[in-house]
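Accompanying notes for the structure given below.
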Amino acid sequence: MSDSDITRRGVLALGGAAAGAVLGFGLFSVFSSDDGTRVPGRDGAGSGRDGVPGTAPDAELCVLSRSVAPGPYHLDGVPQRKDITEGKQGVPLRLRLTVRDHPHTCAVLAGADVEIWHCDAWGHYSGYPDARPGGPAPAAGGPAGSRTFLRGCQTTDAGGLAEFTTVFPGWSATRAPHINVRVRTGGSRTARGYEGGRVNWTGQLFFPDRYTDAVHARSPYTQHTGTRTRLAQDRVYRGDGGRDGLMSVTGGVDAGLVGALTIGIDPSREPTQAATSVPRTGRTPAPDSAASASRPANPPTP
């Protein structure tokens, strides 16, 4: 596992001791600082400092997540559900997103609304039948006129956790595979969508290139041909806040993958989205692999 597989909030936390036994390690996590220094942490499964539940085990675990510009394919009124696949084909993916209240000792935050949406294996978004993913790809699949495939929301439980069952996303022109996400508090979800409250974090979830390479070497992903963008060329990942969405990923393409991320928010604030076209203070985030599948230009970000 390379350093780029692990971020400060990309916690290898798949359910406490059981996950540790399955993956062959104890409840001990390692984090990378921005300069690649590996920093040991305590229990990545979510127990707190000195074993106190509900607080962050290490200062490196919970930092305030920086928002990025929202993606263009958002729709209101998405269903509240865990499984968002709607029969879409692809490598199974389970997401475990933990929300923490950064200003208040990084306590886990129950009752936050977490909404995600992403494209299918061929780059198509539900509700946008005319949008073209770039490169030769099959027509959008799924139910005719579907506005809900690969979209959904969940309310975080008492442990601050929201889980989703989906498939690994495909790609669109100039963008690495990613998942759009919003975290909201202070409102309520109705049939029309989330009403009231505030958007505390807008982000995009990314995957280390080595997992993306393995997934996209398989069908149905291989049916979408063209130039796929890697992390080092993705303008959102390179921009301020983009790297905060790099998840820890475990598993494999046969049995399925698990992506985990801890998101630190301030429930009292609705931050301004960071610019996505300016790299972070002179640094270019290191991709998972030195190889590059493409060197695209920078048209508008999907």
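Summary table
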read-out: Pair list, Cβ under 9 Å, 6 or more apart: segment 218-241 residue over 9 Å from ALA176 (Cα atoms) and open to solvent by 10 Å² or more (accessible area, probe 1.4 Å), other residue outside any loop (DSSP other than H, G, I, E, B) and of a type in the set (A, V, I, L, M); value: ARG238/LEU231; ARG238/ALA232; ASP240/VAL68; ASP240/ALA274
read-out: In segment 242-272, the residues that are open to solvent by 10 Å² or more (accessible area, probe 1.4 Å) and hydrophobic (A, V, I, L, M, F, W, C); value: VAL253, ALA255, VAL258
read-out: Candidates ARG100, ARG96 - the one that is open to solvent by 20 Å² or more (accessible area, probe 1.4 Å), modelled with pLDDT of 95 or more and either in contact with a strand residue (DSSP E or B) (Cβ under 8 Å, 6 or more places away or on another chain) or of a type in the set (A, V, I, L, M) (or both); value: ARG96
read-out: Selection from segment 70-110 of residues that are closer than 21 Å to GLY196 by Cβ and either of a type in the set (Gly, Ala, Ser) or touching a Ser or Thr at 6+ places or on another chain (Cβ under 7 Å) (or both); value: PRO70, GLY77, VAL78, PRO79, VAL99, LEU109, ALA110
read-out: Hey, GLY134 surrounded by fewer than 23 Cβ atoms within 10 Å (Cβ to Cβ), modelled with pLDDT under 95 and part of a strand (DSSP E or B) or not; value: no
read-out: Counted residues, segment 137-164 - those being assigned to a strand (DSSP E or B) and either open to solvent by less than 10 Å² (accessible area, probe 1.4 Å) or within 15 Å of ASP83 (Cβ to Cβ) (or both); value: 7
read-out: Count of segment 170-217 residues which are open to solvent by 40 Å² or more (accessible area, probe 1.4 Å), at pLDDT 95 or above and of a type in the set (A, V, I, L, M); value: 2
read-out: Residues (at pLDDT 95 or above, hydrophobic (A, V, I, L, M, F, W, C) and not in a loop (DSSP other than H, G, I, E, B)) located in segment 237-279; value: LEU246, VAL249, LEU257, VAL258, ALA260, LEU261, ILE263, ILE265
read-out: Residues being over 16 Å from the mean Cα position of the chain (by Cα), touching a residue at least 12 places away in the same chain (Cβ under 8 Å) and more than 22 Å from ASP254 (Cβ to Cβ) - total across segment 188-217; value: 8
read-out: Count - residues of segment 165-202 that are over 22 Å from ALA131 (Cβ atoms) and in a strand (DSSP E or B); value: 17
read-out: Any chance ASP113 is under 16 Å from ILE265 (Cα atoms) and of a type outside the set (Ser, Thr, Tyr); value: yes
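The values are calculated or read from the model by the stated rules, or taken from the named source; none is laboratory data. The structure presented is a predicted model; accordingly, all values stated were derived computationally and were not measured. Cβ coordinates were reconstructed from backbone atoms using ideal geometry, including for glycine residues, and neighbour counts include every protein chain displayed. Please note that ligands, DNA and RNA were not included when accessible areas were found on the heavy atoms of the full protein model with its side chains. Shrake-Rupley method; radii C 1.70, N 1.55, O 1.52, S 1.80 Å.
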